[in-house]
Number of protein chains: 4
Amino acid sequence: MLDAGAALFADRGYHATTMTAIAERAGAAIGSLYQFFPSKEALAEALFDRFAERAAASFARVEERAPGSSPAELADLMIGHKLGLRSDREAAEAALSSAIAGIVERRKPLRDAVRARIAVLLRSMNPSLTWDEATAASVMIGQILRMVPALAADEEESGLPLVDEARTLLALYIERVVRT
Amino acid sequence: MLDAGAALFADRGYHATTMTAIAERAGAAIGSLYQFFPSKEALAEALFDRFAERAAASFARVEERAPGSSPAELADLMIGHKLGLRSDREAAEAALSSAIAGIVERRKPLRDAVRARIAVLLRSMNPSLTWDEATAASVMIGQILRMVPALAADEEESGLPLVDEARTLLALYIERVVRT
Amino acid sequence: MLDAGAALFADRGYHATTMTAIAERAGAAIGSLYQFFPSKEALAEALFDRFAERAAASFARVEERAPGSSPAELADLMIGHKLGLRSDREAAEAALSSAIAGIVERRKPLRDAVRARIAVLLRSMNPSLTWDEATAASVMIGQILRMVPALAADEEESGLPLVDEARTLLALYIERVVRT
Amino acid sequence: MLDAGAALFADRGYHATTMTAIAERAGAAIGSLYQFFPSKEALAEALFDRFAERAAASFARVEERAPGSSPAELADLMIGHKLGLRSDREAAEAALSSAIAGIVERRKPLRDAVRARIAVLLRSMNPSLTWDEATAASVMIGQILRMVPALAADEEESGLPLVDEARTLLALYIERVVRT
DNA sequence: AATGAATGAGTCTTCATTCAT
DNA sequence: TATGAATGAAGACTCATTCAT
């Protein structure tokens, strides 16, 4: 049922997706949908929470393997992490871009948590970084990672090695930060 | 009237904006609004077209000044270009993220045109680039520029010099491409 | 189960009371509720029937003690009868005011039966009354008794001796009828 | 439109009346109904307010003619007042018995105002009444008047002179209060 | 050309009722 | 027999769009 919602939100956006369509796609009756999620907004929130959990778990695997990695390896891990979450993210962003209250609230804490974890990672690789430097770098890394889904989609279409290019860019950026 | 639509789309998203609200904000009657734009979708398309025109005109000023510029100067020009269009872009993206058919269709041509112009620019700076290399680089530059509005917003909040960081990153990237 | 229904109907009205809420309050499953009452309307009817039975039984005690009573004593008995049924009546009235078909039908027979019994009582006290006179008087007595629950509620709030006032009024009325 | 609502509320009760049915009965589209009354509750409130206004205006005519009237004449005026408002009252009571928040709040002030006006009337006829006595009497008079619509309905059916009986009862009661 | 009241299709949501376990 | 998840008809309400003035 969450999957049906995720697919439709990602495809058509939050408002253009009807609860009826979600139920239908999930092969359930509209009443059943409402037994699990008391409102459309609640469904979106559940969707976002699932995405947040998966993102956290996925990033934990990055953190596990990070110690001792080179910048290039770290870039690789991060890009793999980002690519793995593509479908979940699209649904989450659909709800976000429709300014659903319960989700807008959840965004900042999630983003801040991810940034903090990246900052910690960077400082473990270069203890001389100040928190401000590490934070700024984590914001930049987040933004570079934001390219990845779009580049991957473009790559499929154009055949150009775009994700690799992002990988290189990210590695360069991490190297610059870590070697300061 | 377009301005009223742009402001509201940017603020609340496409679906959450009602035609009545647009008319009211424009100080016009709903009937008058429909005399200019036969449907909400048509209004969104007009909005997108205006954005596309303005973006093209703005980028023309980048092209004008580009010849003889250093990578850093070019990065600067491009980022200025991006920042200048912020409000128009938000409205255009609101309609895009709601998957309005007439606009989704317009997206690719616009993006491709921008990419082509960036590719031309790059090849004028480094004629040894192949079209594929120049195209890939233009995609990457487009993605780096996509960071800018988000970073600018973040910068206001955090006080960290994020846009400068993007400027540096973009300059580095352009330099790498141009100096190959 | 009937008690749960009575309490909720009285408290929130017929339509605002859900079968689920009744089952929950009765500590039963919704399925079990439907094993006893095949529909919400059937439950309301059972509730009304229980009220009708209790009202009949309660009035029988008035009839028992009526012979030889003075008008004041009879008024007292009747008002006591009315006050004793308050909670049951509220539920019955909730269903009535929602115009539940099965109950609207039951109303008139019940009312007519009560009126007839009051008329009999009056004629036993004053055999010279015609049936029309006795019937009209019984209607009036029924209406005077209808004041009682409202006055009792008001009395709690205002502290004024309203029920006593009704008792006096009823006694006067009975006296007038009986002494004709 | 208010009339359509009044008729249906009175006939079927608040919850059993659908907005669609009201619109249909008023010969309007559902959307038009919502242009006048933003919600079903708002419609009920407007209905109640109209009833309150009419009741106040109607009672003002009682007050006008009251000075110098005998108890019997006053009873007559009041009963006429009550009978004149029958249809409006039924709709108002339907909404009341469904515990519509916005209306329940309006009830007490209205009732208190009516009682106060009756109390003033009584004290003008018998200045030796204390306020408590006058208030208690006004409550009783309100209750006696509450009989009237029911008796009128009954009278149509049974042919018995029930409203006259109430008139007599009310006159007696007023006389008792005024002659104390 | 300008207006804005009227329209009704389409949306979210509730809840009486059923039925497989 | 008891359970409660599943069902879907029905209701309140919104809003893009039309059209008489």
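Label points for B:Gly102 are taken 7 Å from Cα along Cα→Cβ. From this copy to the others they lie 3.4, 3.7, 5.6 nm apart, shortest first. For the options C:Ser69, C:Ser138, C:Ser58, a Gaussian network treatment of chain C with springs between C-alpha atoms closer than 10 Å singles out C:Ser69 as fluctuating the most. For segment D:39-178, a crude dipole built from +1 on the beta carbon of Lys and Arg and -1 on the beta carbon of Asp and Glu, taken about the Cα centre, is about 420 debye to the nearest 20. The stretch between C:Arg176 and C:Asp112 holds 20.8 nm of extra length on full extension. This uses 0.36 nm per residue minus the Cα-Cα distance.
What value does segment A:1-104 have for Rg/Rh, both radii from Cα atoms and Rh as Kirkwood defines it?
Here the Rg-to-Rh quotient is 1.10.
Among the listed pairs D:Lys40/D:Lys108; A:Lys40/C:Lys40; A:Lys40/B:Lys108, a Cα-Cα separation exceeding 25 Å is found for A:Lys40/C:Lys40; A:Lys40/B:Lys108. Between A:Ala101 and C:Thr130, the FRET efficiency estimated from the beta carbon spacing at R0 = 56 angstrom works out to 0.20. This model, with +1 at the C-beta of Lys and Arg and -1 at the C-beta of Asp and Glu, gives the protein assembly as shown a dipole about its Cα centre of some 40 debye.
Considering only A:Arg89, A:Arg50, A:Arg12, the Gaussian network model of chain A with Cα springs below 10 Å gives its largest mean-square fluctuation to A:Arg12. Placing unit charges on the Cβ atoms of the charged side chains and taking the dipole of chain A about its Cα centre, the candidate lying farthest along the positive direction among A:Ala153, A:Met1, A:Ile141 is A:Ile141.
Summary for D:Ser70: label point 7 Å along Cα→Cβ; distances to the equivalent points in the other copies, ascending, 3.1, 11.4, 11.8 nm. In this assembly of identical copies, the label point of A:Ser128 (Cα plus 7 Å along Cα-to-Cβ) is separated from its counterparts by 3.4, 10.7, 12.3 nm, sorted shortest first. Spherically averaged projected area of the convex hull of Cα atoms, the protein assembly as shown: 43.5 nm². Please identify, among C:Ala23, C:Ala137, C:Ala55, the residue showing maximal mean-square fluctuation in a Gaussian network model of chain C using a 10 angstrom Cα cutoff. Result: C:Ala23 has the largest fluctuation of those listed. In plain terms, the residue of D:Thr17, B:Thr18, D:Thr180 with the fewest other Cβ atoms within 10 Å comes first and the most crowded comes last, giving D:Thr180, B:Thr18, D:Thr17.
Could you compute the FRET efficiency for B:Arg146 and D:Thr20, with r as their C-beta to C-beta distance and R0 at 35 Å, rounded to 0.05?
Details: r = 49 Å, r/R0 = 1.39.
The computed FRET efficiency comes out at 0.10.
Toward the positive end of the charge dipole of chain B, with +1 on the Cβ of Lys and Arg and -1 on the Cβ of Asp and Glu, the farthest Cα among B:Gly102, B:Ala16, B:Ala29 is that of B:Gly102. Each 10 Å bin, from zero up to the one with the longest distance, holds this percent of the alpha carbon pairs of segment D:39-178: 12, 39, 33, 14, 1. Working value for segment C:81-140: equivalent-ellipsoid semi-axes of 28, 14, 7 Å, each the square root of 5 times a Cα gyration tensor eigenvalue, largest first.
Only the coordinates and a few stated rules stand behind these numbers; no lab work does. Worth saying up front: this structure is predicted, and the values here are computed from it rather than measured. A quick note on method: Cβ atoms are made from the backbone with ideal geometry, for glycine too, and the neighbour counts reach across all protein chains shown.
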